[in-house]
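Read the structure below first, then the notes.
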Amino acid sequence: MTDGDGRTADQLVIFGITGDLARKMTFRALYRLERRALLNCPILGVASDDITVEALIERARDAIGEHEQIDAAVFDRLAGRLSYLHGDVTDAALYRALAEQIGTDRSTLFYLEMPPSLFAPIVENLGQAGLLTRSRVAIEKPFGYDLASARELNGRLRAVLDEDQILRVDHFLGKQPVLELEYLRFANTTLAELWDRRSIAEIHITMAENFGVEDRGKFYDAVGALRDVVQNHLLQVLALVAMEPPVGPGADDLNDKKAEVFRAMSALDPKHYVRGQYRGYADVAGVAAGSQTETFVAMRMEIENWRWAGVPIFLRAGKALPERVTEVRLFTHRVPALGFMPQREHADRNQIVLRIDPDPGMRLQLVAQGGDSWQNVHLDSSFAQDLGEPVLPYENLLHAGLIGDRQLFAREDAIEETWRIVQPLLDTPGEVHPYEPGSWGPAAVEELVRGRRSWQQPWLPDRA
Ligand code: BG6
């Protein structure tokens, strides 16, 4: 769906093309788009490294070759689109050179894979050089550091761009199972009818990573788990889990419904917030001595609207946990004790699980009578098996950016609402509890769910 200006970009300019994100994600996504015949425009890379375009092409080949069997014809087509401009992104001269090279009357997608402190200066420079009239700008996260900085950044961007020219990237919005949520929920009566406080008692969201902060100590220490994955990725997922059906196919139809979810949420209460730090984190290069940054968070939240009032939502996210798995789990209410059963034992609640990573899929947990007791049985779908290999998140996002589909990007009001929601936890973070790497976080996390469903072992893919 394209709305907003509805124009397909006629060129792509990537700031930071020699950086980490390009190496890990962008080149591969571009290659896959090329393979699917979805790339139609030249690509100009901009960065400070003084390298030739040939060297850039070799970097692209290495990066793509790490994950893909390279088809020479596809790669050559991609390489043929690439050019390179090096310079200092804070220097107006670079933008004059850029304007000369790409022209000011084109529909350009500028993709900023840059440190956040440079977002506004780059956009302002692009504006001054007359490069923004018909263009869009995609901006990587983090979008702000708290509510005040997000507002300030928005203000600076909006001084030179309209809202529909700004694409705020959250790569979770490009993940196939996250996109699938809208369809699963509203194209299936069975799910649609269950999906509210009358049937659902509780929601758990888990994002577990079985590795530490690795070589990102300096970046991570200034950020922490709450800012790194909750304010953005997990709240975006929650909005898709909880929203009302969009009334039309436009990006604003979807984004209106997501924003309503956030508007119905109170700012979070530090009393229902647990922070943890894995043992050994302080020794990671780049981490400050005595750092109080959290590598694990768990919290309780609620959506105070007609559909969800009274349904607690528990969310946990952390590094150095036992598994890498991200899932959303909904628990139904219990059925009454069944009079026809010899023992009047309650059957377990049903559970609906959407696994986002790895091996995206959906599981329905039902209860059956196995032998002389209740047994849980599972109806599982692995999306890769049932729907085919998914398109990669960055493939979805780059394509959406190029054709001007804003559904996959976060809107300004949603970003500000999510910062408002987490702000008390930033202001009053509370103590950070140590936990063992390879555990499910600090013991305090059990307190959070006392009297409710305990944390469940996530649904893991078959490792057979
Ligand atoms: C990033 C965070 O946004 O998302 C990382 O900065 C995190 O800390 C990553 O590891 C997780 O993304 P994915 O797609 O691997 O689940």
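Here are some conditions: (1) among the aliphatic types (A, V, I, L, M); (2) crowded, with 19+ Cβ neighbours inside 10 Å; (3) over 30 Å from Gly371 (Cα atoms). Ala309 meets all but one. Which one does it not meet?
All conditions pass for Ala309, except number (2).
Consider Ala148 carefully, then state whether it is under 20 Å from Thr90 (Cα atoms), open to solvent by 30 Å² or more (accessible area, probe 1.4 Å) and either touching a Cys at 6+ places or on another chain (Cβ under 9 Å) or at pLDDT 95 or above (or both).
no
Could you pull out the residue among Leu78, Leu12 that is within 28 Å of the chain's Cα centre (by Cα), of a type outside the set (Ser, Thr, Tyr) and over 22 Å from His171 (Cα atoms)?
Leu78
All but one of (1) modelled with pLDDT of 95 or more; (2) more than 16 Å from the ligand (Cβ to nearest atom); (3) surrounded by fewer than 16 Cβ atoms within 10 Å (Cβ to Cβ); (4) under 26 Å from the mean Cα position of the chain (by Cα) hold for Glu66, so report the exception by its number.
Evaluating Glu66 over (1) modelled with pLDDT of 95 or more; (2) more than 16 Å from the ligand (Cβ to nearest atom); (3) surrounded by fewer than 16 Cβ atoms within 10 Å (Cβ to Cβ); (4) under 26 Å from the mean Cα position of the chain (by Cα) leaves (2) as the failure.
Enumerate the pairs (first residue in the range 305-319 and farther than 16 Å from Gln277 by Cα; second residue anywhere and among the small types (Gly, Ala, Ser) and open to solvent by 10 Å² or more (accessible area, probe 1.4 Å)) with beta-carbon separation below 6 Å, excluding pairs fewer than 6 apart on the same chain, so at least 6 apart or on different chains.
Between residues of the range 305-319 that are farther than 16 Å from Gln277 by Cα and residues that are among the small types (Gly, Ala, Ser) and open to solvent by 10 Å² or more (accessible area, probe 1.4 Å), the close pairs are Asn305/Ala264.
Go through the range 154-187 and give me each residue that's charged (D, E, K, R) and away from the ligand (no atom under 16 Å from the Cβ).
Arg156, Arg158, Asp162, Glu163, Asp164, Glu182, Arg185
Can you say whether Ala282 is without any contact (Cβ under 8 Å) to a residue 24 or more places away in the chain, open to solvent by 40 Å² or more (accessible area, probe 1.4 Å) and farther than 27 Å from His333 by Cα, as far as the supplied structure shows?
Against the criterion (without any contact (Cβ under 8 Å) to a residue 24 or more places away in the chain, open to solvent by 40 Å² or more (accessible area, probe 1.4 Å) and farther than 27 Å from His333 by Cα), Ala282 qualifies.
Can we say Leu398 is within 25 Å of His233 (Cα to Cα) and either at pLDDT 95 or above or touching a helix residue (DSSP H, G or I) at 6+ places or on another chain (Cβ under 6 Å) (or both)?
yes
The values are calculated or read from the model by the stated rules, or taken from the named source; none is laboratory data. Please read all numbers here as calculations on a predicted model, not as lab measurements. Counting neighbours? That spans all protein chains shown, and the Cβs are built from the backbone with ideal geometry, glycine included. The accessibility values were calculated without ligands, DNA or RNA, using every heavy atom of the protein model including side chains. Shrake-Rupley method; radii C 1.70, N 1.55, O 1.52, S 1.80 Å.
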